Amino acid sequence: MSYLSDDWLKTEYAALKQAGLSRHLRTVMSAPTGRIILDGREVINLASNNYLGLSTHPKVLDAAVEATRAFGTGASGSRLISGNSELYATLEAALAKAKGTEAALVFSSGYAANTGVIPVLAGERALILSDALNHASIIDGCRLSRATKKVYRHCDVAHLKALLAESAGFQRRLIITDGVFSMDGDIAPLPDICEVAAQHDAMVLVDDAHGFGVLGENGGGTVAHFGLQHQGIIQMGTLSKAIGGLGGYIAGSRALIELLINRARGFIFTTGLPPATLAAATAALNIMRSSPELRQHLLSHAKRLKTALVELGFDLLPSETQILPVVLGSPQRAVQVAETLLSAGVFAPAIRPPAVPSGTSRLRVTVMASHTDEDIEQAIDAFALCAQI
Ligand SMILES: *Cc1c(COP(=O)(O)O)cnc(C)c1O
C-alpha cells in the first residue's frame, strides 16, 4: 500500500467502523437550550454541558454584544504581548472570589489549562498520581510534563496511599483528580485525598469542570462542597460548562499564578480569548453565584430522571450529580439505544472507548436547569421504548 495515496486512511477508518467505534459530526441548528434543532429536527437535548442554561441568558448576551462593540471580535495577540484585555482582570478577580483563592488565571480552554499547569507543577523528577478515570486533558498534561505517572484505581484512596508510600525518591508529588468525573458523574473523595496528601507533602490539583456552578455554596464547586477552601488545593475549571461560554482557569495562590504566567506554554503560546467571551463569562459567573434556584432545578431534574431510568431497569452508575451514566456495555448496543432515542426525539449520544473504558460504553445523559418538567417526562417515555434493547 502506498502512503502517498489516502488508501491507508480509508483502511484505518473502515476498521473503526467495523468495531462500532466510528464517529461523525452532527449539526446543531439552534442555541444549546433544553430542546435543540439537530440535523433539522427538534429533539430534547440530554447532551449539553450548558447545565444552568446561561449561554442564552439575556444579561450574558448583552454583555457579549457590548464587549464586542467596545473592543472588537478578537484579542489580536497572546496575553503576554498585546492580548491582555482589561476584561481579564475583572473575570479573574470574580473567579478567585468564587473559588475562595488568592488569585486565578484564565486560559483559552480547559484543555489548555490542564496541559499548561501540569508541566509547571511536575517536572522530570516529579511523581504524578492520577485517578484512573481522569479527563483526557489531564492525561495529555501528564505526558507533556515528562514526570513519572502512576495511575491509582478510581477514587481508591487506599491505593493512592500505597503508591505515595513508595514515592520518597521523587523531588515533588502531585495528586490529580477530577472533582466530578466527566463520564461517571461521581464526586472524588477530596477530604480523604487531602489527608493523604498532607501526610506525604503532596500537591493536589482538582479538575472541577463539572462541579463548578453546580456543587457547593454559591456553586463554588467540589472543594466548596466539602468545605476545603483552606487546604491549598489547586483548582482547575472551565468556563465552557455551567458558565456556558469558553475558557479554562487555574485558581490558587498568587505565587502559583505568577509562575504560570511565566512558564505555562498553554498560556503563553496562544492568542487571548475574544472580548465577548470574557465579558459573557463574567456576567454568567455573577448570575451563577446568585441563582441557587438554577442549581435546585438542575439537581431535581437529575433526580427525577435517574429514579425513572432505574425503575425502567437501566444500569446506572452511582452518580450524585447532573451527569447520569447509563451503562450499556458494547459500543454497538450503546449506539442502537442512542439511535432509538433519537428517532423518538431525544438526543443522548453513545459514549464509547477511548472516552470510557472498554466494556462500559454508555449514554452520558445530562440535564439542564432550563429543561421543563414535560421535557423530562417525555425523555422518560422515550427511554421506556429502549428498555428491551
Ligand atoms: C470539558 C473538560 C475539560 C476541557 O475543557 P474545555 O474548556 O472544553 O477545553 C477538562 N476537564 C474535564 C473534566 C472536562 O470535562
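All of the numbers you see were taken from the coordinates with simple rules; none came from a lab. This one's a predicted model, so the numbers in the text were calculated from it and none came from an experiment. Positions of Cβ are backbone-derived with ideal geometry, glycine not excepted, and every protein chain shown enters the neighbour counts.
Here the simple spin-label model places points 7 Å from the Cα toward Cβ, and for Leu16 and Glu86 these points are separated by 4.6 nm.
Each Lys and Arg Cβ is given +1 and each Asp and Glu Cβ -1; about its Cα centre, region 139-284 then shows a dipole of about 620 debye.
With the helix formula -39500 (n - 2.57) applied to DSSP H stretches of n ≥ 4, the chain reaches a computed 222 nm mean residue ellipticity of -12500 deg cm²/dmol. Where Lys and Arg each count +1 and Asp and Glu each count -1, what net charge lies around Gly220 among other residues with Cβ under 13 Å from its Cβ? Result for the local shell: +2.
Which parts of region 246-276 would a label at Arg146 reach, counting a residue when its backbone N lies under 18 Å from a point 7 Å out along Cα-to-Cβ? Inside the label zone: 263-266.
In a fully extended conformation the segment linking Arg254 and Gln332 would gain 23.2 nm over its present Cα-Cα distance, using 0.36 nm per residue.
Which of the three applies to the chain, rounded, prolate or oblate, going by the alpha-carbon gyration tensor with a ≥ b ≥ c and a/c under 1.5 meaning rounded? Rounded.
Have a look at Gln378, Gln332, Thr177 and report the one farthest towards the positive end of the charge dipole of the chain, computed about the Cα centre with Cβ charges (Lys/Arg +1, Asp/Glu -1). Of the listed residues, the answer is Thr177. Summing Cβ point charges (Lys, Arg +1; Asp, Glu -1) relative to the Cα centre of region 303-389 gives a dipole of roughly 400 debye.
By DSSP, what percent of the beta bridges with both residues in the chain are antiparallel, rounded to the nearest 5? Of those bridges, close to 60 percent are antiparallel.
For region 141-226, the list of GluC sites (Glu not before Pro) that fall in a loop by DSSP and count at most 13 other C-beta atoms within 10 angstrom reads Glu166. Taking 0.36 nm per residue of sequence separation and removing the Cα-Cα distance, the Tyr3/Val65 pair yields an extension gain of 17.5 nm.
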